Amino acid sequence: MRYASTYDTNGDPVVAEVQGDLLVPLAGLTELGPFTTAQVLAAAERRTTDAFPAADADLRPVVPNPAKVICVGLNYKAHIEETGRSDSDYPVLFPKFASSLAGPYAALDLPGESTEIDYEGELTVVIGAPGRRISEADAQAHVLGYTVANDVSMRDYQYKTHQWMQGKAWDECTPVGPYLVTADEVDITAQAISTTVNGQKVQESTISLLIFSIPRLISTISEFTELRTGDLILTGTPSGVGHRRKPPLYLKSGDVVTVEVTGVGALRNTIV
């Protein structure tokens, strides 16, 4: 199944199921998050008489208020090589906040303080069941589904220190969506990921090339913090980021950035 956090035709927040070209609101649910387990979503009444065209939807971040947003750096070998860094036996991890998130088609009002604004297309995992110290063997049972993100990065701020947070956690600069695709709907390791800027492809890879697999990431993260329903894990970006190009390719006003994961969906955001 595919689900969205959106607004209905009255402007009220709802969770909707994607049925063809329509979004069908689920009774009693206002957003995907801590209380929308697979069981809750499956059991909710479908308000079919209130369905509305998906093309007209005002989509929110697919999980608007996650308890945790955990991001992974340097998780594709080609990206490690373009940065000049070395491989590691442990994933690079850093946080974002719910306030960092933006809608999948939102205009991104990026900060005037930064002159090195970069794109990073990423597959995102949505946690569906809480857990601590989850084994890799059990990790898939904690996945509700998948979505897409653009880990927009302010490189000049990122490299002010050895920690990355100040370059990664700007408010309303990380689009996530458009839909949650449940794990049973897609063989995620068989999918491809790509990013385009103004129609030019700048990133392309396959999910199978993740260095740290989704089960490994869930197991590693849950060692030090409980993962909760609705938490997001951004799994890392492929090579081709603007900061490592010669000359660099930084985002500017008017640029249109699309990130797509086959079988999952595509974001499309205009820079303003």
Kindly provide the set of residues from segment 67-98 that are out of contact with any Lys or Arg (no Cβ under 8 Å at 6 or more places or on another chain), within 23 Å of residue 7 (Cβ to Cβ) and open to solvent by less than 60 Å² (accessible area, probe 1.4 Å), ordered by number.
98
Go through (1) farther than 26 Å from residue 239 by Cβ; (2) surrounded by fewer than 21 Cβ atoms within 10 Å (Cβ to Cβ); (3) touching a helix residue (DSSP H, G or I) at 6+ places or on another chain (Cβ under 6 Å) and name the single condition residue 134 misses.
(2)
Exclusive hit being out of contact with any helix residue (DSSP H, G or I) (no Cβ under 7 Å at 6 or more places or on another chain), within 24 Å of residue 128 (Cβ to Cβ) and touching a residue at least 40 places away in the same chain (Cβ under 8 Å), set 27, 38, 44:
38
Mind counting the residues in segment 99-131 that are open to solvent by less than 20 Å² (accessible area, probe 1.4 Å), within 16 Å of residue 151 (Cα to Cα) and small (Gly, Ala, Ser)?
5
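Need a quick list: strands (runs of 3 or more DSSP E) entirely within segment 64-149 having at least 3 residues that are farther than 21 Å from residue 179 by Cα and at pLDDT 95 or above.
On the way: elements: 69-73, 92-96, 121-127.
Strands (runs of 3 or more DSSP E) meeting the threshold: 92-96.
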Which one of these is part of a helix (DSSP H, G or I) and open to solvent by 70 Å² or more (accessible area, probe 1.4 Å): 49, 9?
49
Within segment 235-255, can one find any residue that is under 13 Å from residue 127 (Cα atoms) and at pLDDT 95 or above?
yes
Whether any residue in segment 199-222 is in a helix (DSSP H, G or I), open to solvent by 50 Å² or more (accessible area, probe 1.4 Å) and either over 22 Å from residue 74 (Cα atoms) or of a type in the set (Phe, Trp, Tyr) (or both) is what I want to check.
no
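The values are calculated or read from the model by the stated rules, or taken from the named source; none is laboratory data. In this text, all values refer to a predicted model and were calculated from it rather than measured experimentally. As a convention, Cβ positions derive from the backbone with ideal geometry for all residues, glycine included, and neighbour counts pool all protein chains shown. Surface areas here come from the heavy atoms of the whole protein model, side chains and all, with no ligands, DNA or RNA. Shrake-Rupley method; radii C 1.70, N 1.55, O 1.52, S 1.80 Å.
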